[in-house]
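Report on the following structure.
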Amino acid sequence: ILGPFLFLLFINDLPCAATQSTVALFADDSKCFREVSNLNDCVKLQNDITAMYNWSLSWKMSFHPSKCKLIRLTRSKSPIVYSYHMSDTTITSVDSMLDLGVIVQSDLQWNSHILKMVARANSMTGFIKRTIGFNSSTDVRKALYTTLVRSILEYCSPLWSPQSRKLMSLVEGVQRRATKFILGAHSNTLTYKERLSTLGLLPLTHRREVCDVMVFIKSKPIVHKYVSFPSRPSRYLRSHMLTPIRVRTSAFSSSYIPRLVTIWNQLSPVLRNIGVQATDKSNILTFKRSLVRATFVRFDSHFNIDVPCSW
């Protein structure tokens, strides 16, 4: 336990080496980034990369230049191209990379991550089927699914949550097949909605919405930098609704912040009031229980697997 702690203390001043860019650290993973609008910005970023490399030499913590990757996050058709290097090694440019378990694409799409995630979830479902088959109880199969499979499908979901019917159906399909396995022969005559109700499960689309809201509740100081309640008296202020955000692209409209505003404003005034006042652990837990109950009610009354807008 002491070793990792001492390592974190040892590298804690690495961000100070980069004076013109931002450095993010997580364990032994580090990222240096900044907005690039012209070649002068490229030079500043290169200077910070060089400063970080010099820091590593001073503290005998050498980087592995061959393991460093460059990714340009932009939707521009003609991005600024600059050859960055660390020591004498040119940093390889990639279109996508794995960052803390999430595949990030240069065009800010999440198709690659979702496809790989669904493949992993299907593989885990197959492993469970081969290991225990139908020789175990429904409760055991359900527990294995929620622990080993659903956790894969929900990791970092606020970041990549799909909004297209194709991708939503692809992710939901994993749970549709899993519920048939969990219920066994009893599932032959049941629809997907009936299987979910029997097992006490929510559709994955509904669970992702709950997760979006809970991230907002638990990270208010951070999320409030990007969303706000109206400053002038209005129906939005009285009912704790968030100020709508204008979006110009479909990519931005499906990202977390605009999606959160829509989901939050669709909650009942009572729920929003509880959420605004939830500051300590017990209040947050009370809000989550109320939110899940309200989501189950909406699922029972509106969900139709053939109508995506009800998801």
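Simple spin-label estimate for residue 302 and residue 220 gives 2.5 nm between the two label positions (7 Å along the Cα-to-Cβ direction from each Cα). Taking a straight Cα-Cα cut-off under 22 Å and skipping sequence neighbours fewer than 8 places away in the same chain, the lysines within cross-link reach of residue 77 are 69.
Label sites at residue 92 and residue 43, each approximated as a point 7 angstrom past Cα along Cα to Cβ, lie 3.0 nm apart.
If you roll a 1.4 Å probe over the chain with all protein chains in place, what percent of the accessible area is carbon or sulfur?
So the carbon and sulfur contribution to the accessible surface is 58 percent.
Legend: residues 214, 97, sorted from most to least accessible area (1.4 Å probe; ligands, DNA and RNA excluded), read 97, 214.
Take segment 41-115 with all the other protein chains still there, run a 1.4 Å probe, and you get 60 Å² of accessible area per residue. Between the beta carbons of residue 277 and residue 62, assuming R0 = 35 Å, the FRET efficiency works out to 0.10 to the nearest 0.05.
What's the angle, to the nearest 10 degrees (0 to 90), between helix 281-302's Cα axis and the longest principal axis of the chain? Tilt of helix 281-302: around 60 degrees.
With all protein chains kept in place, the per residue accessible area of segment 144-280 amounts to 52 square angstrom at a probe of 1.4 angstrom.
Pull out the extension gain between residue 163 and residue 265, defined as 0.36 nm times the separation in residues minus the alpha carbon to alpha carbon distance; nm, one decimal.
Values: separation 102, 0.36 × 102 = 36.72 nm, distance 1.79 nm.
Roughly 34.9 nm would be gained on extension.
Here residue 193 is the anchor, and the lysines within straight C-alpha reach of less than 25 Å, apart from those fewer than 8 places off in the same chain, are 129, 142, 166, 180, 288. In summary, the aspartates and glutamates within cross-link reach of residue 44, defined as a Cα separation below 13 angstrom excluding same-chain residues under 8 places away, comprise 35. Spin-label model, residue 76/residue 132: points 7 Å from Cα along the beta carbon direction are separated by 5.3 nm.
Residue 215 contributes about 50 Å² of solvent-accessible surface, heavy atoms of the protein only, 1.4 Å probe. With the charge dipole of the chain set up from +1 on Lys and Arg Cβ and -1 on Asp and Glu Cβ about the Cα centre, the Cα lying farthest toward the positive end among the listed residues 221, 5, 98 is that of 221.
Remark: segment 154-165, residue by residue, has Karplus-estimated 3J(HN,Hα) of 10, 5, 6, 4, x, 7, 10, 3, x, 10, 7, 4 Hz, where x stands for each Gly or Pro and the curve is 6.51 cos²θ - 1.76 cosθ + 1.60 at θ = phi - 60°. The structure-derived value of Rg and Dmax of the Cα atoms in Å appears in the list [x] 23.2, 68; [y] 21.2, 72; [z] 22.7, 64 under the label [x]. Applying the Karplus relation 6.51 cos²θ - 1.76 cosθ + 1.60 with θ = phi - 60° to segment 23-28 yields 3J(HN,Hα) values of 10, 10, 10, 8, 6, 9 Hz, where x marks Gly and Pro.
Of the residues 80, 151, 138, the one whose Cα sits farthest toward the positive end of the charge dipole of segment 67-195, with +1 on the Cβ of Lys and Arg and -1 on the Cβ of Asp and Glu, is 138. Placing +1 on each Lys and Arg Cβ and -1 on each Asp and Glu Cβ, with no other charges, gives the chain a dipole about its Cα centre of roughly 1080 debye.
Placing +1 on the Cβ of every Lys and Arg and -1 on the Cβ of every Asp and Glu, with nothing else charged, gives segment 154-259 a dipole about its Cα centre of roughly 360 debye. Helix 111-132 and the longest principal axis of the C-alpha atoms of the chain enclose an angle of approximately 50°. Full extension of the chain segment joining residue 33 with residue 123 gains 28.9 nm, where the gain is 0.36 nm per residue of separation less the Cα-Cα distance.
The values are calculated or read from the model by the stated rules, or taken from the named source; none is laboratory data. On a predicted model such as this, the values are computed, not experimentally measured, just so you know. We place every Cβ from the backbone using ideal geometry, glycine too, and count neighbours over all the protein chains shown. Side chains are part of the model used for accessible areas, which takes the heavy atoms of the whole protein and leaves out ligands, DNA and RNA. Shrake-Rupley method; radii C 1.70, N 1.55, O 1.52, S 1.80 Å.
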